[in-house]
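The numbers here are math on the coordinates, done by the rules we state, and not lab data. All figures in this text were calculated on a predicted structure; none of them were measured in a lab. Glycine gets a Cβ as well: all are built from the backbone with ideal geometry, and neighbour counts include every protein chain shown.
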Amino acid sequence: MIFAQDEETENYNVFDSWIEWSNGSGMLTKYLNEQAFYYLDQRDKTVEMFESRGDWKTRQAKVRESLLLHMGPFPEKTPLNPKITGILQKGGFRIEKIVFESLSNYYVTGCLFIPDGITGKQPAILYVSGHADLAYKDPAYQKVIFNLVKKGFIVFAIDPIGQGERLQYYDPVKGESIIGGPTREHTHAGNQCFLLGTSINKYFIWDGIRAIDYLQIREEVDPDRIGITGRSGGGTQSAFIAAFDERIVASAPENYITSHRRLLESRGPQDAEQNFYHWISDGGAIEDLLVVRIPKPTLLVTTTRDIFSIKGTREVYEQVLNGYIAFGKEEDFLMVEDHAAHGSTKRNREAVYKFFQKYLSLPGDGSDEDVEILTPEELYVTNTGQLATSLGGETVFSLNRKEAEQFYEGIMESRQHMDSHLELTKEHSKRLSGY
């Protein structure tokens with residue numbers, strides 16, 4: 001007996017036979033990246049045509065206008081109301097525990113490290129931390145801070161939102177954030193900002209600007225010799241704060257800078273504080289955070305196996321260097337790279353020390369030294385280790401809620417004039433969606 005074989009079932013799923021459309025989970029990312037690459041390519045073509053200092057100055061003016069448009073408007077400056085909550089004397093320096101208000105009733109915690117025996121006004125460095133739960137109290141960050149202090153620098157290290165003593169969603173029973181680690185806190189509050197058409201980065205940047213304000217009122221600090229540095233998430237903050245605050249003379253972002261294209265090709269858009277509406281479609285990119293600082297001294301601190309593409313970093317360096325050349329200041333744009341993963345290395349730390357020694361005019365030995373690491377409790381600014389259970393005050397959520405309430409009132413008022421309201425809604429929809 002002969003049995004007919006079953007015919008092979010034909011596969012009508014086109015996604016299986018079309019490579020271009022077979023990566024279902026990545027299709028949206030690819031689609032969005034292609035749109036972004038169009039704008040980034042246009043930006044690069046424009047920058048490649050620059051031939052004079054005037055071309056770069058025109059670019060800088062455009063970047064500043066765009067950054068302020070999409071990140072701001074920043075609020076009016078309110079009294080800092082700084083308080084010293086404690087003083088800790090260590091070998092060779094003292095630590096003043098500081099809390100100030102970057103906005104009214106919105107507190108920032110930090111420690112001011114002051115070398116012993118200083119006379120006159122000295123250079124100061126704002127240290128901003130990466131995504132460590134402890135922020136600057138993390139041993140890796142303490143090592144850099146204490147080395148800078150040993151070399152004579154005044155260092156002001158502050159807690160970012162969602163880290164250290166500034167957890168925004170603190171559970172006093174569990175003693176931890178109910179949301180999760182730093183990037184989760186940032187993204188959770190950041191999504192609220194996106195709904196309002198803003199970015200949580202405005203809070204990070206504003207905290208940095210107000211920290212510089214505080215340094216400038218300290219009698220020990222030379223207001224004309226201020227620098228900034230930080231690694232990973234601190235590299236992000238360093239780049240953004242330095243782009244917005246012209247009082248920062250020297251900037252050394254570490255483990256962050258790469259080209260915007262390489263970032264999207266590899267890691268993707270990253271945390272909420274690294275993004276804001278229409279940055280790319282308005283012709284901007286990460287590179288412009290450096291362009292806007294030309295010709296001020298800048299050091300890119302990098303590692304070859306970083307999570308951020310080293311190829312992109314080298315491309316950024318080559319592009320931005322042309323701007324420094326146009327200003328006759330090519331020696332003031334530097335890059336150090338070490339063969340390591342995403343982290344701090346002795347070679348890179350020493351490059352940072354020597355960079356600030358040169359450009360903040362405090363010569364000395366740039367060697368990396370062993371230092372005593374303090375416990376987090378020793379560095380507590382608040383009596384409980386958290387603002388949420390001590391001073392309280394505003395949070396990003398409460399500030400966003402107030403902004404949303406004002407926004408809602410504006411919508412309700414606009415709806416009283418429905419014809420014009422609908423036209424305005426159409427315009428806003430096109431602006432937000434890009435269509």
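Descriptive notes on the structure:
- Footprinting exposure proxy for Leu195, Leu360, Leu289 (fewest neighbouring C-beta atoms within 10 Å first): Leu195, Leu360, Leu289
- Where Rh is the Kirkwood radius over Cα pairs, Rg/Rh for the range 83-389: 0.94
- For the range 271-283, the Karplus equation 6.51 cos²θ - 1.76 cosθ + 1.60, evaluated at θ = phi - 60°, returns couplings of 5, 4, 6, 9, 9, 7, 4, 6, 4, 6, 5, 8, x Hz by residue, with Gly and Pro reported as x.
- Cα centroid separation, the range 71-133 to the range 246-312 (Å): 25 Å
- Residue-normalised convex hull volume from the C-alpha trace of the range 21-72: 81 Å³ per residue.
- Euclidean distance between Cα centres, the range 155-210 to the range 389-435, Å: 21 Å
- Here's the picture: charge each Lys and Arg Cβ at +1 and each Asp and Glu Cβ at -1 in the range 49-192, and of Ile95, Val149, Ile118 the one pushed furthest to the positive end of that dipole is Ile118.
- What the Cα convex hull of the range 257-337 gives, in volume per residue, is 91 Å³.
- For peptides 84-91, 349-356, sequence by mean Cβ density within 10 Å, most packed first: 349-356, 84-91
- Ranking Ile217, Ala135, Ile241 by how far each Cα lies toward the positive end of the dipole of the chain (charges on Cβ) leaves Ile217 at the top.
- Per-peptide packing, taken as the mean over residues of other Cβ atoms within 10 Å, places 224-236, 97-109 in the sequence 224-236, 97-109 from highest down.
- Length gained on full extension, Phe37 to Val173, computed as 0.36 nm times the residue gap minus the Cα-Cα distance: 44.3 nm.
- The order of the peptides 340-347, 164-171 by mean Cβ neighbours within 10 Å, most packed first, is 164-171, 340-347.
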